[in-house]
Amino acid sequence: MRKKIAILGSTGSIGSQALQVIEMHPEELELQVIIANNNVDLLIRQAQKYHPRYVVIGNEKKYDQLASALNQLPIDLYVGKESINQIVGHEAIDMVLTAVVGFSGLIPTVRALEAGKDIALANKETLVVAGEYITWLAEQKKIKIIPVDSEHSAIYQCLVGESTDWIEKIYLTASGGPFRERTIESLQKVTMKEALKHPNWTMGEKITIDSASMMNKGLEAIEAKWLFDLEPEQIDVIIHPQSVIHSIVQFIDGSMKAQMGIPDMKMPIQYALGYPARLKSTIQRFNFLDYPDLTFEKADTKKFRNLALSFEAMRTGGNMPCVLNAANEVAVEAFLEGKIGFLDMPDVIEKTLQKSSFIEKPGLEDYENIDFESRRLARSFL
Ligand code: NDP
Ligand code: MG
């Protein structure tokens, strides 16, 4: 039985690599649905090359172009946000890969879970925003959420055969991004182009800026809290510039397990799509002699204040991680538009967190409001 896959965000960095992974495993994996928002040209090319049964585009203005390009193919087309929320629950799907970026991943992920679909989770913002609700829903539905994020995939793999009760702590590794060796004074003047140059990974724009500001690691800490049922004190970040050790679990007996390999997102994507099986791959193998030095450093939370702000939001809990995420999305967008400097991003986020009222237990219907209000507030600080 082949596992039938839907890719939410097929035209992005994770989505495109997932298509390659599925193509490499025709016996085990079958592409059913691809979903994107704006990039209709690439979506058309993907449909022509990979022959999914369903193609969905979010942006209604792009539908005519999609329809006229694909009208000779046996593919059903849908358009609009509501179609996305519906198709993820379609009976023809076993697993949904959530590879959209930001808050937009929340509702489709909820719909997929409600319909009982397995989740390969790349969209970390979903767990940052609504981790408590999502993990509760997954438990109700007896669904495993398999992480795609390389650090969380590493921890997931280290925990096979272990009990989460035996975790003393985890170490999330971080490359340190392009500004690891820069002084804090020089950071205000960095350009968008410099921030978009990640040393080890090629990714979408938003996560690349998050990596440069280390917000990515902060979001990942919150993601890890929910995935592995951890207290904030059990989560540590260690800088490891070579990105070869993808993360580490330390157990209550003092023993540690790490998962490693070359930095290539196809590996964790494939692990999640193939789970519980390991699938063969021709992905480049690691050579120790190419990496004679694996090094580690302390994370600098004074230089990268986003990291400290994320841990603070995680400790406070309630709606604060959702506020943090919304403010960060606004700040990153403003930085990419050249409206604010690099160090203004944590300022915007901190002010938004300070000015937001605390809600201890938001429900699903609250999150859209919190996200909307936090964005409005964050914009007032630009
Ligand atoms: P990209 O920006 O490269 O791609 C985003 C994808 O989502 C595109 O296909 C885009 O479509 C689609 N999309 C965005 N908004 C919507 C929407 N409202 N409705 C439907 N589709 C939408 O992002 P990445 O692939 O880099 O990242 C995706 C997620 O995975 C993020 O949450 C990121 O944090 C996480 N992640 C990424 C890693 C990486 O290596 N890239 C590593 C670990 C995690 P279109 O282009 O057509 O508008
Ligand atoms: Mg990661």
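At-a-glance table
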| read-out | value |
| --- | --- |
| Relative contact order (%) - criterion: Cα under 8 Å, at least six apart; region: the chain | 15 |
| Antiparallel content of DSSP bridges confined to the range 162-301, in %, to 5 | 70 |
| Alpha carbon centroid spacing (whole Å) that separates the range 22-94 from the range 124-194 | 29 |
| Surface share of carbon and sulfur [accessible, 1.4 angstrom probe, percent] for the range 251-382 | 52 |
| Ellipticity estimate at 222 nm from DSSP helix runs (n ≥ 4, -39,500 (n - 2.57)) divided over the chain, nearest 500 | -13500 deg cm²/dmol |
| Pairs from Lys225/Lys361; Lys117/Lys206; Lys124/Lys266; Lys61/Lys206; Lys3/Lys62; Lys4/Lys49 whose Cα-Cα separation, in the structure shown, is over 20 Å | Lys117/Lys206; Lys61/Lys206; Lys3/Lys62 |
| Anchor Lys351: lysines whose Cα lies under 19 Å away (excluding residues fewer than 8 positions away in-chain) | Lys302, Lys303, Lys339 |
| The range 249-325: relative contact order as a whole-number percent, Cα under 8 Å and 6+ apart | 15 |
| Mean Cα-pair separation over length for the range 143-252, i.e. relative contact order, pairs under 8 Å, 6 or more apart, % | 48 |
| Axial C-alpha extent at least 18 Å, average Kyte-Doolittle at least 0.5 - helices from the chain (DSSP) | 320-336 |
| Loop-located GluC sites (Glu not before Pro) in the range 124-191 whose Cβ has at most 11 other Cβ within 10 Å (DSSP) | Glu181 |
| Cα gyration tensor category, rounded, prolate or oblate, for the range 239-382 with a/c compared to 1.5 | prolate |
| Student exercise, the chain dipole from Lys, Arg, Asp, Glu Cβ charges, in Debye to nearest 20 | 720 |
| Solvent exposure of the chain as accessible area per residue, Å², 1.4 Å probe | 46 |
| Qualifying lysines (Cα of each under 17 Å from Cα of Lys298; at least 8 residues distant if same chain) | Lys169, Lys217 |
| The chain - share of DSSP beta bridges that are antiparallel (%, nearest 5) | 30 |
| Accessible surface of the range 127-215 [probe 1.4 Å, protein heavy atoms]: carbon and sulfur percent | 51 |
| Exposure of Lys81 as accessible area (Å², to 10), given a probe of 1.4 Å and all protein chains | 150 |
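The values are calculated or read from the model by the stated rules, or taken from the named source; none is laboratory data. None of these values were measured; they are calculated from a predicted model. Virtual Cβ from ideal backbone geometry, glycine too; neighbours counted across all protein chains shown. We work out accessible area using only protein heavy atoms, side chains counted, and drop any ligands, DNA or RNA first. Shrake-Rupley method; radii C 1.70, N 1.55, O 1.52, S 1.80 Å.
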